[in-house]
Structures are given as structure tokens and as C-alpha cells.
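Here's the structure we're looking at; comments come further down.
Just so it is clear, none of the values below were taken in a lab; they were calculated from the coordinates. Remember, predicted model here, so these are calculated numbers, not experimental data. Methodologically, a virtual Cβ is constructed for each residue, glycine included, from the backbone with ideal geometry; neighbour enumeration extends over all protein chains shown.
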Amino acid sequence: MSKNENTVELHRQRIPRGLLLLDALGAGLVAIGVLDVLETGPQLVPQALRLPGVGIALIILGCIVMLAVPVWLLRGHRRRSGRAEERPRS
């Protein structure tokens, strides 16, 4: 299989709905964090949680949550290509 065929196969995968929901949740957290950092738009962070750095924390948390989709795609790609690495036993 050529490199181009691998790329097309990677883009045609169906992502599970649970992962899509996680991705959407992460995107929402990032959006709320950006709005809080820029102090524009609606104030979506409750007054009780308005602490210094909460916007940055929401952005970081949202990015971490959104990492689930790329990790899932990479694991599937490694499994299909036969390059799955065995973890060292402890």
C-alpha cells in the first residue's frame, strides 16, 4: 500500500460517537476558556469560579480532552500497519 493510500484510509475512518462527544466537550471548554481569558462575550464561568488562571486551566483541560481522537486514530493506524510497539514489562 502506498503512502497516499494510507492517508486516504486514515481519513475515511468512522470515529465513535463517544469520542466525538469528548472532542466537542473539549472544544467547548477551550472556547469558554478563551472567552474568559480575553474577557469578551458572555461570562460563562460562574462568579464563584472566577479565579486568576481559570481561563488558562479551561483551555489546557479542553486540549487534553480533545487529544482522545488523535490518540485513537494513531493507535488504530499502528495496529493496522503492524507497527504496534510492545510495552516493557515491569
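Over region 17-81, what relative contact order in percent results from Cα pairs under 8 Å that are six or more residues apart? Walk me through the numbers on the way to the answer.
On the way: 60 pairs, mean separation 29.9, N = 65.
It rounds to 46 percent for region 17-81.
Please give the net charge around V45, taking every other residue with its beta carbon less than 11 angstrom from that of V45, where Lys and Arg add +1 and Asp and Glu add -1.
With Lys, Arg at +1 and Asp, Glu at -1, the net is -1.
Listed highest first by mean packing, meaning other Cβ atoms within 10 Å per residue, what order do 61-68, 44-51 come in?
61-68, 44-51
In the calculated pair distance distribution of region 17-81, what percentage of Cα-Cα distances lie above 14 Å?
Numbers: 1260 of 2080 pairs.
Cα-Cα pairs of region 17-81 separated by over 14 Å account for 61 percent.
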